[in-house]
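So the structure is just underneath, and the comments pick up after that.
The values are calculated or read from the model by the stated rules, or taken from the named source; none is laboratory data. Quick caveat, the model's predicted, so the values are computed rather than measured. Note that we place each Cβ from the backbone using ideal geometry, even for glycine, and neighbour counts take in every protein chain shown. Just so you know, the surface numbers come from the protein's heavy atoms only, side chains and all, with ligands and any DNA or RNA stripped out. Shrake-Rupley method; radii C 1.70, N 1.55, O 1.52, S 1.80 Å.
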Amino acid sequence: MPSNFVPPTVLAPEDHQRVLARNLALWIQGAVAQAQPVVVVVAGPPGSGKSTTAEVIHAVLNRRGGAVRIGSDLYKRAHRDYEELLQTDVRTAGAGVRTDVRQWQAEVEAYARSARLDVVLELALADPAEARATSALYRLAGYRLELVVLAVAEALTQLSVLDRFFDEEGGGRYVSWENQDGCTAGLPGTLAVVEAERLFDRVAVARRGLEPLYDNELVDDHWMRRPAADAAFRKEQLRPWSAPRTRTFRRDLVRAEVLVHDERLPADRRLAVSRDAERAAAAAEPVRRIASPLPGAPGTGYHRLSAGQHTWTFDDLIAPTFLRRATFRPDPMVVYLVGEPGARQLEARRMLRRSMRPGTVLIDPDLLRGHHPDHFQLIQDTPRIADELVRPDGDAWQAEAEAYVRERRGDLLIEADFISVEDFLASAARFARARYRIEVVAMAARAADSRQRTLVDHARALDLDVMTALATPAAHARACRTAADIVIASAADPKISAVRVIDGDHQALGQGRWAAWAHTAGRRRPYTEQEAAGFHAIQRALLRKLPRMRDEIVGITAQAQPLMPAPWRARPVEQGPGGPVRLPLPRTAAGSLCP
């Protein structure tokens, strides 16, 4: 027997009945008899939100004239010894009054059934026997039976139990791990029995807030849809979290950990739940997002997918859609298309795909990032950094896509969007070990031109009421540096068979050992008069179309200035031959300068 065991405190029969007589009118207050009474059972593990949901359903049923809300937690404080038991040991207080509390609940239910009152009943429903017994009693009394099951992630229920324990006056309701786990594990099996044996007239599964997930109803003793309440419950429990939910959970977890270690609270209460916060964190591991550092505020992002969601996205969405066309080749090859945003890679990509063998697989980082569940909303909210926020998963998917096709020895065309030249070299080395022929095609575009083109594409999308991702100037500059480094490294790497540099019109500028020189020369090529006129015309149009981005547009103009022909360059401020001239100032009569 555990050292903290407290024997149940059972009231004498007359004391038990005295408490019932004194409180029954209060416990059924406002309820009225119904011609067709209804019992709504609200089920779920501890911490799933049964009490809050029962209050909402109770308010709805009250519109029929009044209803009774029944739950064992409502009667604990009616026991004269409960407060003393709480002070002795919060972990055993509930067990100490359980006998009388459950008997009061049964007696209130019996009275409600005899009076044909509508009932809102809170149950854990972890045992099929409990479901069968409850159903039989209310069916015999002529009730319509409805069941609402709350499906909540296990980590959230554990954390809610902990919050409730500290928040309630005088110490909250303690829930042991055995009770928590038993209710969570037993409920799906009970749901399967409920539908198989038609124990209720209607079964619904919902999230907190009564957001519906599943609804089934008996019509002529047959379910309207295939029974699957247990599957709906499990699916919601295992549903991967979103970034906001992960952020909220982490914030609430920190708050709970502070409460657990707050020395101002009684030591026994802190000790009772000292490990519950860690347990909630452990339960969240399979479904929560992975935190990652951000360079700016708020400093931490929660857009990295959990391992399960990341794998599911690749296996069920990316691989079947984009990679299954891979064709086995005895002499496979991979071509990297290198260039910063706005360097006209789309046209070059089409040209290369037409020239490559049938079955070549295209790996486009933008398409991969688009499979991230947050990407679309991030583009609406933060288009300048949306791609960077989902990059960890996008880069991982790219590595997995490369491996997928490489194992099948198919040809690939990869639109390179590497953070650094080291990432590119690591990717190329993996293909070299698999005996692939490796080629690099680099786009040589002036930085000002490619930046301008990203703004043009963005403005055109806005005309169609579409928001698109838009790289920041810093991200664009980083991409330019990385592209140049890749060309230099490729030309010096014997594993890479060919390096070619082309311009936006697909004209060859150089290859092999001259590739780095050709790439630099293409980026520094002076504007012709015609090109300069076209560039500035577009700049003026962008200023009209994107007035909020004026500083960035002006910055692009300044970046292009050194390559402009003389008539298009900004004139320097001219000074007189003698430098600054001192002008005489009038003096007052006293000889001082005028104010």
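So the values come out like this:
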read-out: Residue within segment 297-310 that is under 19 Å from the mean Cα position of the chain (by Cα), open to solvent by 70 Å² or more (accessible area, probe 1.4 Å), among the small types (Gly, Ala, Ser) and closer than 29 Å to ARG481 by Cβ present; value: yes
read-out: Matching entry among ARG391, ARG369, ARG384 (being open to solvent by 60 Å² or more (accessible area, probe 1.4 Å) and basic (Lys, Arg)); value: ARG384
read-out: Selection count, segment 399-424, where residues are under 20 Å from ALA475 (Cα atoms) and open to solvent by 20 Å² or more (accessible area, probe 1.4 Å); value: 8
read-out: Some residue of segment 143-154 being in contact with a Pro (Cβ under 8 Å, 6 or more places away or on another chain), assigned to a helix (DSSP H, G or I) and open to solvent by 30 Å² or more (accessible area, probe 1.4 Å); value: yes
read-out: Test: residue in segment 226-240 that is more than 29 Å from the chain's Cα centre (by Cα) and either free of Cβ contacts under 8 Å to residues at least 24 places away in the same chain or open to solvent by 10 Å² or more (accessible area, probe 1.4 Å) (or both); value: yes
read-out: Residue under evaluation GLY359, criteria (1) at positive phi; (2) buried (at least 17 other Cβ atoms within 10 Å of the Cβ), criterion not met; value: (2)
read-out: Top-ranked residue of segment 462-506 - restricted to ones that are of a type in the set (Ser, Thr, Tyr) and either modelled with pLDDT under 95 or touching a helix residue (DSSP H, G or I) at 6+ places or on another chain (Cβ under 9 Å) (or both), ranked as nearest to VAL421 (Cα to Cα); value: THR482
read-out: Where a residue in segment 15-40 is without any contact (Cβ under 8 Å) to a residue 40 or more places away in the chain and its partner, wherever it lies, is part of a strand (DSSP E or B) and surrounded by 12 or more Cβ atoms within 10 Å (Cβ to Cβ), with Cβ under 9 Å and at least six apart; value: GLN29/VAL68; GLY30/ALA67; GLY30/VAL68
read-out: Any hit, segment 314-332, residues being modelled with pLDDT of 95 or more, among the acidic types (Asp, Glu) and farther than 18 Å from LEU367 by Cβ; value: yes
read-out: The listed residue being surrounded by 14 or more Cβ atoms within 10 Å (Cβ to Cβ), under 27 Å from LEU425 (Cβ atoms) and not hydroxyl-bearing (Ser, Thr, Tyr), out of ARG279, ARG329; value: ARG329
read-out: Residue match in segment 53-65 (condition: within 22 Å of THR184 (Cα to Cα) and surrounded by 17 or more Cβ atoms within 10 Å (Cβ to Cβ)); value: yes
read-out: Helices (runs of 4 or more DSSP H) within segment 70-122 that include 2 or more residues in contact with a strand residue (DSSP E or B) (Cβ under 6 Å, 6 or more places away or on another chain) and farther than 28 Å from ARG275 by Cα; value: 98-115
read-out: Whichever residue in segment 215-225 is acidic (Asp, Glu) and in contact (Cβ under 8 Å) with a residue 12 or more places away in the chain and, among such residues, is surrounded by the fewest Cβ atoms within 10 Å (Cβ to Cβ); value: ASP221
read-out: Enumeration of residues in segment 80-123 that are under 19 Å from GLY44 (Cβ atoms) and open to solvent by 30 Å² or more (accessible area, probe 1.4 Å); value: ARG102
read-out: Where PRO494 falls short, out of the listed (1) free of Cβ contacts under 8 Å to residues at least 24 places away in the same chain; (2) farther than 21 Å from PHE431 by Cα; (3) surrounded by fewer than 21 Cβ atoms within 10 Å (Cβ to Cβ); value: (2)
read-out: Given (1) modelled with pLDDT under 95; (2) touching a helix residue (DSSP H, G or I) at 6+ places or on another chain (Cβ under 7 Å), number of the condition VAL149 does not satisfy; value: (1)
read-out: Segment 446-470 residues that are farther than 23 Å from HIS519 by Cβ, paired with ones that are open to solvent by less than 60 Å² (accessible area, probe 1.4 Å) and not in a loop (DSSP other than H, G, I, E, B) (beta carbon under 6 Å, 6 or more apart); value: LEU455/LEU542; MET467/ILE379; THR468/HIS458; THR468/ALA461; ALA469/ILE379; ALA469/ALA386; ALA469/ASP387; LEU470/HIS458
read-out: Options ILE488, ILE496; residue that is within 18 Å of ARG513 (Cβ to Cβ), part of a loop (DSSP other than H, G, I, E, B) and either more than 32 Å from the chain's Cα centre (by Cα) or not polar (S, T, N, Q) (or both); value: ILE496
read-out: Residue count, segment 222-240 (criterion: touching a helix residue (DSSP H, G or I) at 6+ places or on another chain (Cβ under 7 Å) and in a loop (DSSP other than H, G, I, E, B)); value: 2
read-out: Residue under evaluation ASP374, criteria (1) within 18 Å of ASP411 (Cα to Cα); (2) in contact with a strand residue (DSSP E or B) (Cβ under 6 Å, 6 or more places away or on another chain), criterion not met; value: (1)
